[in-house]
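The values are calculated or read from the model by the stated rules, or taken from the named source; none is laboratory data. Just so it is clear, the model here is predicted, and its values are computed rather than measured. All Cβ positions, even for glycine, are placed from backbone atoms using ideal geometry, and neighbour counts span all protein chains on display.
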């Protein structure tokens, strides 16, 4: 791949050239060390984006999973607390 043809006006893309034998774990670890964003997404080199909203969709799923996890923890706390609910001000808000 000719990296010189990739245009990045934000200058946020970083390229790591590694000429050693292919090792998927090592490559991902190298990338993780230099990453500075809020999210780190690993994609296979043969991934084809078919919808421009793919990343937003993944992040929305992540938010939903985290909310469900919090809700489940809250329900467990109630069960451990003899079924008594916490005061309304401390409940999880979506």
Lone unmet requirement of (1) under 21 Å from residue 2 (Cα atoms); (2) in a helix (DSSP H, G or I); (3) at pLDDT 90 or above for residue 33: (1)
Modelled with pLDDT of 80 or more and more than 16 Å from the chain's Cα centre (by Cα): does that describe residue 49? yes
If you scan the stretch 30-78, which residues turn out to be touching a residue at least 24 places away in the same chain (Cβ under 8 Å) and surrounded by 10 or more Cβ atoms within 10 Å (Cβ to Cβ)? 67
Suppose the filter is surrounded by 10 or more Cβ atoms within 10 Å (Cβ to Cβ) and either at pLDDT 80 or above or not in a helix (DSSP H, G or I) (or both); does residue 92 pass it? yes
Can you confirm whether the stretch 5-21 contains a residue that is in a helix (DSSP H, G or I), modelled with pLDDT of 80 or more and surrounded by 10 or more Cβ atoms within 10 Å (Cβ to Cβ)? no
